[in-house]
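The values are calculated or read from the model by the stated rules, or taken from the named source; none is laboratory data. These numbers were taken from a predicted model, which means no experiment stands behind them. Cβ placement follows ideal geometry from the backbone for every residue including glycine, while neighbour counts extend to all protein chains displayed. Each accessible area value is taken on the protein alone, full model and side chains, heavy atoms only, with ligands, DNA and RNA left out. Shrake-Rupley method; radii C 1.70, N 1.55, O 1.52, S 1.80 Å.
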Amino acid sequence: MKGILVIISAPSGAGKSTIIRQILGNDSNCRFAISHTTRQPRAGEKDGVDYYFVGRDEFQSMVANDRFAEWAVVHSNFYGTSLAEVERLSSQGIDVVFEVDYQGGRALMRRFPDAASIFVLPPSMAEVKRRLTDRGTDDAETIEMRLQNARIEIATAGEYRYIVVNDDLDRAVSQVGDVIRVERLRSINRAAMIRDLVAEKV
Ligand code: 5GP
């Protein structure tokens, strides 16, 4: 049995990580696809939990060996979802949640056309700026760069199957949960069950 694939994108500061953390906490059949990145770990981040933190050489050699379902440069660092990570989770029947930028979202939608895709919109750009500032991990120049990137990301939101606005965290979490529950019911995700019923001898 294969799990469903759920692509989630949002600009930094839209609250996507918090939403995903809650979804994974509420739904034991969902797991996060751990990406590879060349960015330095932030305080509290663990290798093999938040990301697989790797050097540029290792990342480049994975690219050369076709080991990624998608990869992209985001905020001057490399990020990628390995095919091994997708296979590791989906082959166990686990629903895989991808947290990727819009480039990763586009690439995964092309590679996995049946995947669900959700774009999380912030309520306003002022709120994005406030969240990035409050996080206290980035300097003013980086925040400016992330705000500009946020506008570029938001312009692609219409390419996703669903839009969730994060103006209220509980509601946003429940709407993402609704999407996952509904996507599990799609006939395309029930193909194995249909086949088994047709083949069942009674
Ligand atoms: P952060 O450095 O804040 O953890 O993530 C920065 C951006 O990179 C976010 O938009 C996040 O969704 C994106 N990202 C994280 N992992 C991947 C990945 O595997 N592929 C792509 N394309 N983007 C990713």
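Some points to look at:
- Within the range 149-168, restricting attention to residues that are within 24 Å of Leu5 (Cβ to Cβ), touching a helix residue (DSSP H, G or I) at 6+ places or on another chain (Cβ under 7 Å) and in a helix (DSSP H, G or I), the residue that is least open to solvent (accessible area, probe 1.4 Å) is Glu153.
- Restricting attention to the range 11-59, the residues that are at positive phi and either touching a residue at least 40 places away in the same chain (Cβ under 8 Å) or charged (D, E, K, R) (or both) total 2.
- Looking across the range 110-146, just one residue is among the polar types (S, T, N, Q), touching a helix residue (DSSP H, G or I) at 6+ places or on another chain (Cβ under 8 Å) and within 16 Å of Ala10 (Cβ to Cβ), and that is Ser117.
- Subset of the range 133-143 (residues that are open to solvent by less than 40 Å² (accessible area, probe 1.4 Å) and charged (D, E, K, R)): Asp138
- Being near the ligand (Cβ under 9 Å from one of its atoms), in a loop (DSSP other than H, G, I, E, B) and open to solvent by 10 Å² or more (accessible area, probe 1.4 Å) is a property that Arg146 lacks.
- Count - residues of the range 1-26 that are out of contact with any Ser or Thr (no Cβ under 6 Å at 6 or more places or on another chain), more than 8 Å from the ligand (Cβ to nearest atom) and of a type in the set (Lys, Arg): 1
- Applying the criterion of being under 20 Å from Tyr162 (Cα atoms) and open to solvent by 10 Å² or more (accessible area, probe 1.4 Å) to the residues of the range 27-40, the residue that is nearest to the ligand (Cβ to nearest atom) is Phe32.
- Among the residues making up the range 109-132, a single one is buried (at least 23 other Cβ atoms within 10 Å of the Cβ) and in a helix (DSSP H, G or I): Val128.
- Flag for Ser61 being open to solvent by 30 Å² or more (accessible area, probe 1.4 Å), at pLDDT 95 or above and more than 8 Å from the ligand (Cβ to nearest atom): yes
- Considering residues of the range 127-159 that are touching a residue at least 12 places away in the same chain (Cβ under 8 Å) and among the polar types (S, T, N, Q) only, the residue nearest to Gly44 (Cα to Cα): Thr137
- Tally, over the range 85-107, of residues that are closer than 18 Å to Val63 by Cα and surrounded by fewer than 23 Cβ atoms within 10 Å (Cβ to Cβ): 7
- Of all residues assigned to the range 46-56, at least one qualifies as being away from the ligand (no atom under 13 Å from the Cβ), closer than 18 Å to Val74 by Cβ and at pLDDT 95 or above.
- The one condition from (1) at pLDDT 95 or above; (2) within 12 Å of the ligand (Cβ to nearest atom); (3) open to solvent by 60 Å² or more (accessible area, probe 1.4 Å) that Ser82 does not meet is (3).
- A search for C-beta distances below 7 Å between a residue of the range 175-202 that is touching a residue at least 60 places away in the same chain (Cβ under 8 Å) and any residue that is assigned to a helix (DSSP H, G or I) and open to solvent by 60 Å² or more (accessible area, probe 1.4 Å), counting only pairs 6+ apart in sequence or on different chains, returns Gly177/Asn26.
- Qualifying residue in the range 92-101 (condition: within 23 Å of Asn166 (Cβ to Cβ), modelled with pLDDT under 95, near the ligand (Cβ under 9 Å from one of its atoms) and not acidic (Asp, Glu)): no
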